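Peer 1: For reference, the structure I am asking about is given below.
The values are calculated or read from the model by the stated rules, or taken from the named source; none is laboratory data. Everything numeric here is computed off the predicted structure, so don't read it as measured data. Cβ placement follows ideal geometry from the backbone for every residue including glycine, while neighbour counts extend to all protein chains displayed.
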Amino acid sequence: MKFDYSAVEKFLEYKEGEIDIDEVMDHPAYKAIQHHAETFHHGLSTEDVERALKGEKTPFQGVQGFEERTDELLRFIDLLKEKEGKWINVITTELDQVIPRENKGGMVIYPVIGYDMGIGIDDCVCMNINSSLYLNDPHEFLYMAMHESSHALYERVHGYPKISDLDSVDSMISFFNTLLHTEGFGVYTPLNRRKADGSMGKSSHRCQEDYLIIMDEQRLKRHVYIYDSFRKELESAQDWTVDKFLNTAFGKDRFVYREGAAMVVGIEEIGGVMGLWDAFYMGSDEFVNKYDSILDKYR
């Protein structure tokens, strides 16, 4: 595993007019971002990037204000270079606790500018450093890098379905189950490190809120009630459009993160690390069918 800063460097060169946008988009990190956008959204074009930089709303989010904080971003890159050796060891150690059977040696972590806070796909991790969460607390970058690294390993093993294949209730359910499976492991992977660091949530940021909810039995009970209502509605949703499904399934309630992580926590409590390792490799539909009962304690 290694850090590679060439993607963010190319993006900054583009903004200085030294290279064109096509050279940025041809970088492996931005190719991975395009692959992610084709899988989970409706694609990403060079025009989307250029329009986003003009302040328009496009799939290439996460670039707001970056030009005004260029010096801050450069200092953050310097911090990453200082920390990378130690952080690679931490990330690898935590991944080995959860997904020890996969080789992490060839994985690359790319700091980037733009798109999501982080993605894990194509055996690499792309982390948008233009995030106030990371800039305000660099350890959040570390935790999210663990989270996204687990996604990269999940995609290596299972692949990901595409939203372009959503054409029935069954396909929507399987797509949701896949995200529940991978995000459950994503949230769980840095959990023990967060506990050790005393970083279970300091603000109302949605990523930190995930941990506050899964560690609070009363809040989780209320959340599981909402989750059960959603699943019941989904399973009988004969007339849902793809957009309605995506907005409902992956909106503010963050079911795949919170219920997924609660299931993985329960698996570790019941089956130990061997239970975790086996659960990672099973199919997502099998995972949900086998482990949904873990949530019964919150029902």
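Peer 1: How do the pairs read when you match residues in the range 235-251 that are within 27 Å of residue 207 (Cβ to Cβ) with residues anywhere that are assigned to a loop (DSSP other than H, G, I, E, B), using Cβ under 7 Å and keeping only pairs 6 or more apart or on different chains?
Peer 2: Partner pairs satisfying both residue conditions: 242/166; 245/166.
Peer 1: Of the numbered conditions (1) surrounded by fewer than 20 Cβ atoms within 10 Å (Cβ to Cβ); (2) of a type in the set (Ser, Thr, Tyr); (3) in the same structural domain as residue 37 (by TED's automatic domain parsing), residue 174 satisfies every one except a single condition; which is it?
Peer 2: All conditions pass for residue 174, except number (3).
Peer 1: Given the criterion within 14 Å of the chain's Cα centre (by Cα), in contact (Cβ under 8 Å) with a residue 12 or more places away in the chain, surrounded by fewer than 24 Cβ atoms within 10 Å (Cβ to Cβ) and farther than 22 Å from residue 25 by Cα, identify the matching residue among 117, 144.
Peer 2: Numbers: 117 fails: farther than 22 Å from residue 25 by Cα.
None of the others qualify; the one that does is 144.
Peer 1: Sticking with this structure for a sec: I'd like the full set of residues that are assigned to a loop (DSSP other than H, G, I, E, B) and in contact (Cβ under 8 Å) with a residue 12 or more places away in the chain, limited to the range 204-232. First the steps, then the outcome.
Peer 2: Let us first name the residues in the range 204-232 that are assigned to a loop (DSSP other than H, G, I, E, B), namely 204-205, 215-216.
Within the range 204-232, 205, 215 meet the criteria.
Peer 1: Mind listing whichever residues of the range 88-114 are surrounded by 16 or more Cβ atoms within 10 Å (Cβ to Cβ) and free of Cβ contacts under 8 Å to residues at least 60 places away in the same chain?
Peer 2: Residue satisfying the conditions is 102 alone.
Peer 1: Same structure again: When only residues in the range 219-267 that are among the aromatic types (Phe, Trp, Tyr) and farther than 30 Å from residue 277 by Cβ count, which is modelled with the lowest pLDDT?
Peer 2: 240
Peer 1: Same structure, new question: Criterion first (surrounded by fewer than 24 Cβ atoms within 10 Å (Cβ to Cβ) and either among the hydrophobic types (A, V, I, L, M, F, W, C) or assigned to a helix (DSSP H, G or I) (or both)) does residue 183 satisfy it? Lay out the reasoning, then the answer.
Peer 2: On the way: surrounded by fewer than 24 Cβ atoms within 10 Å (Cβ to Cβ): no; either among the hydrophobic types (A, V, I, L, M, F, W, C) or assigned to a helix (DSSP H, G or I) (or both): yes.
It is false that residue 183 is surrounded by fewer than 24 Cβ atoms within 10 Å (Cβ to Cβ) and either among the hydrophobic types (A, V, I, L, M, F, W, C) or assigned to a helix (DSSP H, G or I) (or both).
Peer 1: State all residues of the range 275-299 that are of a type outside the set (Ser, Thr, Tyr), in a helix (DSSP H, G or I) and under 19 Å from residue 151 (Cα atoms); if no residue qualifies, say none.
Peer 2: We begin by selecting, within the range 275-299, every residue of a type outside the set (Ser, Thr, Tyr); these are 275-280, 282-283, 285-290, 292, 294-297, 299.
If we keep only those that are in a helix (DSSP H, G or I) too, we end up with 275-280, 285-290, 292, 294-297.
Listed by number, the residues that qualify are 275, 276, 277, 278, 279, 280, 285, 286, 287, 288.
Peer 1: Please identify the pairs in which a residue from the range 33-50 that is not assigned by TED's automatic domain parsing to the domain that holds residue 123 has its Cβ atom under 9 Å from the Cβ atom of a residue that is outside any helix (DSSP H, G or I), counting only partners at least 6 apart or on another chain.
Peer 2: Qualifying pairs under 9 Å: none.
Peer 1: Based on this model, can you work out whether residue 199 counts as in a loop (DSSP other than H, G, I, E, B) and outside the structural domain of residue 132 (by TED's automatic domain parsing)? Before you say what the answer is, go through the steps one by one.
Peer 2: Details: in a loop (DSSP other than H, G, I, E, B): yes; outside the structural domain of residue 132 (by TED's automatic domain parsing): yes.
Taking the combined requirement at face value, the residue satisfies it.
Peer 1: When you check residue 27 against the structure, is it under 30 Å from residue 177 (Cα atoms) and either buried (at least 16 other Cβ atoms within 10 Å of the Cβ) or modelled with pLDDT of 95 or more (or both), yes or no?
Peer 2: No.
Peer 1: Output the number of the condition that residue 219 fails; it satisfies all remaining conditions of (1) in contact with a Leu (Cβ under 8 Å, 6 or more places away or on another chain); (2) under 21 Å from residue 7 (Cα atoms); (3) of a type in the set (D, E, K, R).
Peer 2: (2)
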